[in-house]
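The values are calculated or read from the model by the stated rules, or taken from the named source; none is laboratory data. What you see is a predicted model; the values in this text were computed from it and never measured. Glycine gets a Cβ as well: all are built from the backbone with ideal geometry, and neighbour counts include every protein chain shown. Surface areas here come from the heavy atoms of the whole protein model, side chains and all, with no ligands, DNA or RNA. Shrake-Rupley method; radii C 1.70, N 1.55, O 1.52, S 1.80 Å.
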Amino acid sequence: MKRGLYLLSLFLLLFNLVFAQSTDTVLQNYSLAFENLNKATEVFGSDTQQSIEALNDASQMLRPLSTGADSTVIPGLERTFERAKTSIQNQSLSDLEIQVAVLKGGFWRLVYESALRAGENNDLASSRVRLAQIATDMGLDPAISEKITNSDQILAMLSNLESGVAQQMQIGLTSLQSLLASSDFAAVKAELYKQLATAYSLYLPIQDSPRSSAQLNEAFTVAFGHLVNSDQAALSTDLENLNTHIGGLLAASQAMTGSTLPVSNEVNNPTPSATTDPSEPEIAAPVEVSSPVASTTVDAGSETSIAQTTVVEPSATATVPSTSISTVTEASAVNSEELRRQLIRLGLANTQQDRLIELYGKQGFNSLNDVIDKLYVDSAKVIVAMNQGNPGRAQSLIGSLDSTYSTYLKSILDQTNPSFGQSLQGLFRHLQTVPALRLQDTVVLTDHIDSLASVISNNAVSLNKTEVMLTGIWSGWLRLIIVFLLGLAAFLPLYLLYLAFGGGNRNWQLIGWSLFCLLLPLMFEGLTYLSSLISSFAGDIPFLNTLSRYSIFQSTLSQIIWVIVSGAAITLATLGLYGICVQFGLLGQRKQNQNQTVVETSSETGAGAATSFDWDEEF
């Protein structure tokens, strides 16, 4: 009993620790993206299809991270993902590494912006953790992460990060200058691209900082242009110019370290850096993957294309226009009238219609069904992730679904069927944060998404309303605690059975093993939920999450084992109970002997005679 109370107390303590721990979904999504970007280059030489799948998985994290981000960041990163896939198809590892470097810089920028927004909301803890994480992933001096962690002002955190970035860029540019001066230009051109792209990826997060001069972004653009044109002398001058501007950034950021200026001033009233010319307006360059000297006839696999796909802002002198949001909108304008008719039938106001038509055009959606189909297809990816025992990725994909729904369909459901819209969004939000997510939860989500078309078109009632309600109540902590406690309690009858009969009677041993076989699936389910709990507490350990893949409710292998174990339980119970019936004389030879009359006389008579029973013999 004491041991049981001890285990229960330990579980409750663990539960309280996990429950109190807040999960940063921004870092979860970022970590998945960063892991998959690294995987894309690692598996390139052995399996290009896996490399493309890793890029696809990383791109799924864009939308969940895009809330409140610069609207030009996401389209630019999406185009960079497409160029990265093209480099894989062209079997160009150098090109892929450059694109991945730029993508990493884009994700660092998204996390940087989320940290800035958290600081604006006085959530310094989130800002501190996020900035320290990207500082580590950038490969900055460990002292920078330590300074960020110890800072109690958002501006001090940002300044420390910027100084670390400037120092790291100087190291990279010094290496690049040495390589340029000591090697044959043609032989090291691809490596020069790679190192310059790496320096640029470090710069991307702090691109719009008031301590970064407007000329620094232009200097990167010019350097890439000269690298494309193989102008070694000009490139050498560009690198000197870059080092000068980066030195100014370093000095300005170090001067601001320790300042107590509130974050609102950082955002709304930026202080000019030491190198910024106050007479010139600051340029906030968007993450736009285009070339300042792009040519539509360039081979995607050539060295020229490698540099072209790295530059982030088109030059004002570009002669060939790049594909932009406006051209995408024009391309889909043919179907905009049909989309407008759909929106009019749904009763949306003109302003809502115009906004949705613009949003749909940017992504190439020609109708509501296109968006619903995308949600349905992406929900299938959630199911696959859960079937593979990867709840972290599944929850990130659910975040992407939530973002897509909120952007393209929420305003429509708010108008046509607000109760359904609230239940769907509530399900999105619930499943993103629920501990021990299971396959059945994602199936309910997919079923609910499948009802979207009929709900929007004819205001039909969703048939799985009860399932959605129960999922909101049952899935999560309630299910986790109950199943774990039941799995733990399953040992109690086995212990009592052993305690009562001591294991000395073969028939009761058989019954004990039968009971164990019957309770084994419940014990395993309790173990899977315990592993999910520990994984959540320890920061998403893949091995522990994989156990849920073999739950009896979703694994064919586990169901086969369950059938075999259940058959064994029935067999063992039958043999054990048969033996007991024989012992009691209900079956077999003992029953025949019971029909004979047996007269026994006791050698002792009187009230003091004692009667004893041999329980081990009878039972």
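The number of residues in segment 113-144 being open to solvent by 20 Å² or more (accessible area, probe 1.4 Å) and either closer than 12 Å to Phe34 by Cα or not hydrophobic (A, V, I, L, M, F, W, C) (or both) comes to 15. Once segment 112-140 is narrowed to residues that are in contact with a Ser or Thr (Cβ under 8 Å, 6 or more places away or on another chain) and aliphatic (A, V, I, L, M), the residue that is farthest from Ser163 (Cα to Cα) is Ala118. Residues in segment 379-412 that are free of Cβ contacts under 8 Å to residues at least 40 places away in the same chain, under 19 Å from Ala453 (Cβ atoms) and surrounded by fewer than 20 Cβ atoms within 10 Å (Cβ to Cβ): Ser406, Lys410. For the structure I just gave you, tell me whether Tyr376 is of a type in the set (Phe, Trp, Tyr), open to solvent by 60 Å² or more (accessible area, probe 1.4 Å) and under 21 Å from Pro64 (Cβ atoms). Yes: the conditions hold for Tyr376. Every listed requirement among (1) in a helix (DSSP H, G or I); (2) within 19 Å of Gly247 (Cα to Cα) is met by Leu140 save one, (1).
Just checking, does segment 180-192 include any residue being modelled with pLDDT under 90, among the β-branched types (Val, Ile, Thr) and farther than 21 Å from Ala101 by Cα? The answer is no; no qualifying residue exists. Quick one: would you say Asp231 is touching a helix residue (DSSP H, G or I) at 6+ places or on another chain (Cβ under 7 Å), over 26 Å from Asp137 (Cα atoms) and of a type in the set (D, E, K, R)? No: the conditions fail for Asp231. Taken together, Leu155, Leu173, Leu179 contain a single residue that is more than 25 Å from Ala58 (Cβ to Cβ), touching an Asp or Glu at 6+ places or on another chain (Cβ under 6 Å) and open to solvent by less than 40 Å² (accessible area, probe 1.4 Å), which is Leu155.
Restricting to segment 430-458, name every residue that is closer than 24 Å to Gln363 by Cα, in a helix (DSSP H, G or I) and touching a helix residue (DSSP H, G or I) at 6+ places or on another chain (Cβ under 8 Å). Leu445, Thr446, His448, Ile449, Asp450, Leu452, Ala453, Val455, Ile456, listed by residue number.
Hey, which of the helices (runs of 4 or more DSSP H) in segment 28-98, taking only ones fully inside, have at least 2 residues that are open to solvent by 50 Å² or more (accessible area, probe 1.4 Å)?
Those helices (runs of 4 or more DSSP H) span 48-59, 73-89.
For segment 163-208, the tally of residues that are in contact with a Pro (Cβ under 8 Å, 6 or more places away or on another chain) and not in a helix (DSSP H, G or I) stands at 0.
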